[in-house]
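One structure is given below, encoded as structure tokens.
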Amino acid sequence: TQSTRPQRMLAAVHNNATRGDPRSVVKAIDQFCRQKEWAMNIGDEKGCILDSVVSEVNPAMVLELGTYCGYSTVRIASQLPPHAKIITLEFNPQNAAVARQIIAWAGLGEKIKLIEGSSGDWIPKLKEQFGVDTFDLVFLDHWKDRYLPDTKLMEECGLLRKGSILLADNVICPGTPEYLEYIRNSPRYKSQYFKSHLEYTRVEDGLEKSIFLG
Ligand SMILES: O=C(CSCCNC(=O)c1cc(-c2ccc(F)cc2)cc(O)c1O)c1ccc(O)c(O)c1
Ligand SMILES: [Mg+2]
């Protein structure tokens with residue numbers, strides 16, 4: 001039976017990355033996406049911006065919305081301080097299955113909790129189910145029309161604290177106009193745009209970094 005793109009990406013990781021070496025996993029995926037097949041990972045260019053935000057925030061608790069194959073999950077988790085954790089939500093079971101194996105190959109299983117399901121269902125359950133208090137960093141990379149409703153949901157569920165950082169991918173391509181409008185005009189956030197390119201292309205895209213002011 002025909003393999004899927006995430007399965008071919010996983011094979012590239014098994015064949016080209018060193019088990020237990022997250023940077024080699026990231027490199028193998030970027031090479032696969034540049035040389036073989038484009039895929040919607042944040043990629044190496046925007047990935048460097050993500051890395052700098054993670055190291056600046058040095059978060060104890062991270063929420064990622066949209067795991068896909070786990071590329072950004074591995075990038076973030078490889079920079080977390082000891083005992084820090086990332087919870088990542090993925091809607092698509094096939095993508096989640098591949099992500100679990102890529103995360104395991106990178107040796108980061110202890111730091112990462114992957115939940116299969118929709119963000120709208122799970123965000124209201126995170127406190128009771130996983131004993132979460134608030135998140136220091138939230139990375140938004142799921143359905144682009146869910147960025148705004150899920151941000152409002154996180155506010156309502158008390159998952160953000162004064163100083164929590166939201167980092168949103170794809171605010172230009174595919175684009176998240178309602179989210180940008182809200183977050184840039186809300187007195188409860190201070191936002192900054194990091195201009196970049198759509199992963200593995202020359203098309204403009206960027207990341208929006210926003211601090212929750214409480
Ligand atoms: O894809 C989803 C929703 S979650 C992924 C959201 N991410 C994106 O859509 C996303 C898209 C692009 C992008 C795509 C085509 C372009 F021409 C240009 C840009 C880039 C990104 O960086 C992204 O993050 C899903 C849902 C249910 C399922 O059953 C399933 O198989 C998949
Ligand atoms: Mg993205």
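The table for this structure:
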read-out: Residue match in the stretch 109-116 (condition: surrounded by 19 or more Cβ atoms within 10 Å (Cβ to Cβ), outside any strand (DSSP E or B) and not acidic (Asp, Glu)); value: yes
read-out: Selection count, the stretch 60-88, where residues are of a type in the set (S, T, N, Q) and within 16 Å of ligand 1 (Cβ to nearest atom); value: 4
read-out: Selection count, the stretch 155-186, where residues are open to solvent by 10 Å² or more (accessible area, probe 1.4 Å), hydrophobic (A, V, I, L, M, F, W, C) and not in a strand (DSSP E or B); value: 4
read-out: Selected residue (criterion: nearest to Ile123 (Cα to Cα)) from residues of the stretch 81-103 that are of a type in the set (S, T, N, Q) and in a helix (DSSP H, G or I); value: Asn95
read-out: Matching residues in the stretch 132-154 - criterion: being more than 14 Å from ligand 2 (Cβ to nearest atom) and either without any contact (Cβ under 8 Å) to a residue 24 or more places away in the chain or open to solvent by 10 Å² or more (accessible area, probe 1.4 Å) (or both); value: Val132, Asp133, Thr134, Asp136, Leu148, Pro149, Lys152, Leu153
read-out: Residue within the stretch 131-144 that is touching a helix residue (DSSP H, G or I) at 6+ places or on another chain (Cβ under 7 Å), assigned to a helix (DSSP H, G or I), away from ligand 1 (no atom under 16 Å from the Cβ) and among the aliphatic types (A, V, I, L, M) present; value: no
read-out: Contacts under 6 angstrom Cβ, first residue in the stretch 70-83 being open to solvent by 30 Å² or more (accessible area, probe 1.4 Å), partner β-branched (Val, Ile, Thr), 6 or more apart; value: Gln79/Val54
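The values are calculated or read from the model by the stated rules, or taken from the named source; none is laboratory data. The shown structure was predicted, so the numbers you read here are calculated from the model rather than taken from an experiment. Every residue, glycine as well, gets a Cβ built from its backbone with ideal geometry; the counts of neighbours run over all protein chains shown. For the accessible areas, the whole protein counts, side chains as well, though only heavy atoms, and no ligand, DNA or RNA atoms are used. Shrake-Rupley method; radii C 1.70, N 1.55, O 1.52, S 1.80 Å.
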